[in-house]
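Since the structure comes first, as C-alpha cells, the remarks are kept for the end.
The values are calculated or read from the model by the stated rules, or taken from the named source; none is laboratory data. Just so it is clear, the structure is predicted and the values come from calculations on it, not from any experiment. Here the Cβ positions follow ideal geometry from the backbone for every residue, glycine too, while neighbour counts run over all protein chains shown. Heavy atoms of the whole protein, side chains included, go into the accessibility calculation; ligands, DNA and RNA do not. Shrake-Rupley method; radii C 1.70, N 1.55, O 1.52, S 1.80 Å.
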Amino acid sequence: MNTVVLKFGGSSVADNIKLNVVADKVISLKKEAKNVVVVVSAQGKTTNQLIKEAQELSAIPEEREMDMLLSTGEQITASKLSILLNRKGYPAISLTGWQAGIRTNSIHTSAKIERICIDRMEKELEKGKIIVVAGFQGLDEQENITTLGRGGSDTTAVALQVALKADKCYIFSDVDGIYSADPNMITMAKRLDEISFDEMQEVADSGAKVLHNRCIQIGKKFDCSIIAKSTFLNEGGTKICQQIESSEVKSIVKNDKLVMILMEKEGNIEEGEFYNIYQNLLQNNIIVEAFQKQGNQVQFRIKETEQNKVQEILESKYLTYQIQQKNFVKLSIVGYGITQDNQVLNQVIEILKKRKIEIIDIYLTQSKIEILVKEIENDSVAELHQKLIKE
C-alpha cells in the first residue's frame, strides 16, 4: 500500500495504556504502507464532559463557543499519540484540522467539509513522518473553528482518504466491525462481513452509533475502500462496499433518543406561517423529520439533544400555540430491497401485535422499514432479530 488512513475512536484512545496499543497498531501498519495518516477522536467521554461543563454555565451555549471548546478534546489526543510515536522511534507530527488544510462551511456544531488543501500533509509525508490529525474539526472562511457533529472524526478520515488518494481507510473502535444490532442490547447480534453503502447509510441515519452518516455519503460518492475493525483484535472486520444484490435484513436499530413535537392553535394555520416555522428551525440548524401540517396542528420529530434549543425557539416566537413534547422510539429494519417483499413487514407487525406494542406510524424506503412506537423493550427487539436475520 502507498497511503493508508487510520481512524481511532474515543474508546480506543481512552487512556495512556490504550494509547500504547494504538501506537503499536499504527507502527505495524506503517511497516506495510509508505504513508500513514491517523485521525483521532477525543479520549473516552471527554466530549460529553465538556458539554456538561458548558451547560452548567449556560443551558444553551453559543454554538461558535461550543466548537471552540469541543475541538480541544481531539487536539489533546493527537498531541499525546504523536509524543508516544516519537518516543517509540517513529517520527510523527500532530496537526489540528485546519493545519491539515480542512476548510468547512460556517454551520457551527454540524459543519460540512468544503475542501482540503493537502500541501502541508504532503510535505510532512515526504519527510517520512506519521501524521496524526485531530478529527471532527476544521476552519471556515471567517477563520472560526468549526466541528462536524458528533462522530465527525469518521468523516474527517474518509475525506482525507479521498484528498490523499489513499488506498484504504480503517475505522478502528472497540468493536470488531458492523453488527446486525447493538451487541450491548442484543446478545445474538452477528458481525457482518460486508454491508453496502446504502444499507450503512440507513443504519447510520437511524441513530446507530456506528459510523458518521456523512462519511458514508463521501465513501459512496468516491467509491472508497472503508473497513471497520477492532483496535484490540486482529481478526474480524466489516467492509463497506457498493451495492450488494442480496435482499435480506442486515440490521435492526432501536433509537429511543427522539422527541415528537406537536404545535396546536385555534383556527387553521396559513401556508405562510407553516413555512415560517420550518424556516426558523432550519435557520437555527435544527434538523427535523416528518414536518407536516394537519388543520390547526404542526407536527415534527427531532433528536432529544436538540430539545432545549427547539423549546426556546418555539416559546419565544410562537406564543399562540399549545406545544406538546412526547418521547418515542424509532425501530429501523435495514436491508437492501426488503420492502419489495411483504413477508418481512408482515413478520414485524405480527410480533409487535403479539406483544401489544402500539404503532404510531410506518415509513418505507428501498432499504429500510421504519416503525415509530411509543416504547419497546429489548426482548421484543431480540425476537425480531431472531426472526428476521439469517444465521
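Remarks
- Matching residues, segment 1-34, being over 20 Å from residue 73 (Cα atoms), of a type in the set (S, T, N, Q) and open to solvent by less than 20 Å² (accessible area, probe 1.4 Å): 3
- Residue check for residue 159: under 17 Å from the mean Cα position of the chain (by Cα) and free of Cβ contacts under 8 Å to residues at least 60 places away in the same chain: yes
- Residue within segment 364-372 that is open to solvent by 20 Å² or more (accessible area, probe 1.4 Å), part of a strand (DSSP E or B), at pLDDT 90 or above and closer than 22 Å to residue 204 by Cα present: yes
- One residue stands out in segment 36-68 among those that are surrounded by fewer than 21 Cβ atoms within 10 Å (Cβ to Cβ) and among the small types (Gly, Ala, Ser): the one that is nearest to the chain's Cα centre (by Cα), namely 44.
- Residue 70 meets the conditions (1) modelled with pLDDT under 95; (2) within 30 Å of residue 312 (Cβ to Cβ) in every case but one. The failed one is (1).
- Residue list for segment 277-290, filter: more than 19 Å from residue 149 (Cα to Cα) and open to solvent by 90 Å² or more (accessible area, probe 1.4 Å): 279
- Against the list (1) open to solvent by 20 Å² or more (accessible area, probe 1.4 Å); (2) polar (S, T, N, Q); (3) farther than 21 Å from residue 163 by Cα; (4) more than 22 Å from the chain's Cα centre (by Cα), the condition residue 94 fails is (3).
- Tally, over segment 307-327, of residues that are in contact with a strand residue (DSSP E or B) (Cβ under 9 Å, 6 or more places away or on another chain) and without any contact (Cβ under 8 Å) to a residue 24 or more places away in the chain: 2
- Selected residue (criterion: nearest to residue 327 (Cα to Cα)) from residues of segment 240-275 that are open to solvent by less than 60 Å² (accessible area, probe 1.4 Å) and in a loop (DSSP other than H, G, I, E, B): 265
- Residue list for segment 326-345, restricted to those being within 28 Å of residue 246 (Cα to Cα) and open to solvent by 100 Å² or more (accessible area, probe 1.4 Å): 340, 342, 343
- Filter pass, residue 352 being open to solvent by less than 60 Å² (accessible area, probe 1.4 Å), at pLDDT 95 or above and of a type outside the set (S, T, N, Q): yes
- In segment 175-186, the condition of being out of contact with any strand residue (DSSP E or B) (no Cβ under 8 Å at 6 or more places or on another chain) and either under 20 Å from residue 252 (Cα atoms) or touching a residue at least 40 places away in the same chain (Cβ under 8 Å) (or both) is met by at least one residue.
- Of all residues in segment 208-221, exactly one satisfies the criterion of being surrounded by fewer than 21 Cβ atoms within 10 Å (Cβ to Cβ) and part of a loop (DSSP other than H, G, I, E, B), namely 209.
- In segment 291-302, the qualifying residues are those that are open to solvent by 30 Å² or more (accessible area, probe 1.4 Å) and either touching a Pro at 6+ places or on another chain (Cβ under 9 Å) or in contact (Cβ under 8 Å) with a residue 24 or more places away in the chain (or both), and the one that is nearest to residue 111 (Cα to Cα) is 299.
- Selection from segment 303-325 of residues that are open to solvent by 80 Å² or more (accessible area, probe 1.4 Å), of a type outside the set (S, T, N, Q) and out of contact with any Lys or Arg (no Cβ under 8 Å at 6 or more places or on another chain): 312, 315, 317, 319
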